[in-house]
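All remarks here apply to the structure that follows.
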Amino acid sequence: MTRHRGPVSDHFDGERFHNAEPFGKTAAELLRWRLSRKRGKWLRDLAPHGQPPPPARVGEGGLRASYVNQATVLLQADGLNLLTDPVWSERVSPVQWAGPQRYRAPGIPFEQLPRIDVAIISHNHYDHMDADTLRRLWREHDPVFVTALGNAHHLRAWGLEKIVELDWDQQWTLPNGRTLTAARAQHWSGRAGYDANLALWMSCVIDTAGGPVYFAGDSGYGPHYAELFRRHGAMRLSLLPIGAYLPRWFMAYQHMDPAEAVQAHLDLHSAFSMGIHYGSFELADDGQEEAVEDLRKALDAHGLPCDVFPAAAFGYGYDVPALPGKIDP
């Protein structure tokens, strides 16, 4: 079993990683959920989304965010192309003949991707670290893979190279000279029953000419969102998960619901946010479109217009303006 070796910290005890408050759910509670599930409605439709292909690059000061599926977003900013948590497989599972299946086609066909410079992998769950997709990215695009501590051994085992591992609050210089900062998230890790929390999970802040971009990865709600604002200032764009949140008694620690995602949007002082991590794979009890409706209700409750925080449309590219006072394309 491969373990991370490093100094003890406020989130690493020398063997396993942890959050400030521990995950209190037991294997018995997991079984209780599995045996008492009340699944929402899901319909399988793998038809192409029909959106035009993304541009090859976006120039200095520009920012375009195109939603693929799950937590996969194509970010194009300042001449750089980044992918977050790339997933194009038919199932998010150790095998492709069992496990959670795809209900929607990827918003961008893999063949239509522009050249990818950097792939960000927030943690090692199968719907965020997909071996087949990452191997294909390595073969066809040769990107740098940026991930959290303890995950590189998976990537090396799959033949990948050019890997950067980061601890929370560590920075890495992107190929265009700007910075990516690994940040806290409230989640957990593991790809098998024996490896829980042997690797770290992260969100990240990406510096752009028009203001910072935040990618949440996967996270429950917590004070880390307000802390990110204190450290990095208002966000130009935030990519916030809104799905896989029911039942709350079991999911709340690890996955925000749409109302909490709106609160995170406010905590981050985000000028524009996109709701991601919904509608492609049935991972919890919320229905395929439930997050979309609950997001609308949460925005209405705060008197916010839907266009400041849409549930991201599959395949659609959002052109995000610079923050006031920043470089405007």
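The values are calculated or read from the model by the stated rules, or taken from the named source; none is laboratory data. Please read all numbers here as calculations on a predicted model, not as lab measurements. Note: ideal-geometry Cβ built from the backbone for every residue, glycine included; neighbour counts use all protein chains shown. Heavy atoms of the whole protein, side chains included, go into the accessibility calculation; ligands, DNA and RNA do not. Shrake-Rupley method; radii C 1.70, N 1.55, O 1.52, S 1.80 Å.
Points worth noting:
Yes or no, residue by residue, for (1) closer than 26 Å to Gly315 by Cα; (2) assigned to a loop (DSSP other than H, G, I, E, B); (3) of a type outside the set (Lys, Arg):
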residue: Ala196; (1), (2), (3): no, yes, yes
residue: Trp201; (1), (2), (3): no, yes, yes
residue: Gly211; (1), (2), (3): yes, yes, yes
residue: Tyr225; (1), (2), (3): no, no, yes
residue: Ala244; (1), (2), (3): yes, yes, yes
residue: Ala264; (1), (2), (3): yes, no, yes
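- Any hit, segment 121-133, residues being open to solvent by less than 10 Å² (accessible area, probe 1.4 Å) and farther than 25 Å from Gln171 by Cα: yes
- Members of segment 140-153 found to be in contact with a Lys or Arg (Cβ under 8 Å, 6 or more places away or on another chain) and either part of a loop (DSSP other than H, G, I, E, B) or buried (at least 20 other Cβ atoms within 10 Å of the Cβ) (or both), listed by number: Asp142, Pro143, Phe145, Gly150
- Cβ-Cβ contacts under 6 Å between residues 6 or more apart (or on different chains), taken from a first residue in segment 5-27 that is in contact (Cβ under 8 Å) with a residue 40 or more places away in the chain to a second residue that is assigned to a strand (DSSP E or B), are listed as His11/Phe17.
- Taken over segment 113-139, the criterion of being in a loop (DSSP other than H, G, I, E, B) and basic (Lys, Arg) is satisfied by Arg115 alone.
- Any chance Tyr316 is surrounded by fewer than 21 Cβ atoms within 10 Å (Cβ to Cβ), at pLDDT 95 or above and of a type in the set (Ser, Thr, Tyr): yes
- Filtered residues of segment 84-106 (kept if surrounded by 23 or more Cβ atoms within 10 Å (Cβ to Cβ) and farther than 23 Å from Gly193 by Cα): Thr84, Pro86, Pro106
- Residue within segment 179-195 that is open to solvent by 40 Å² or more (accessible area, probe 1.4 Å) and touching a Lys or Arg at 6+ places or on another chain (Cβ under 7 Å) present: no
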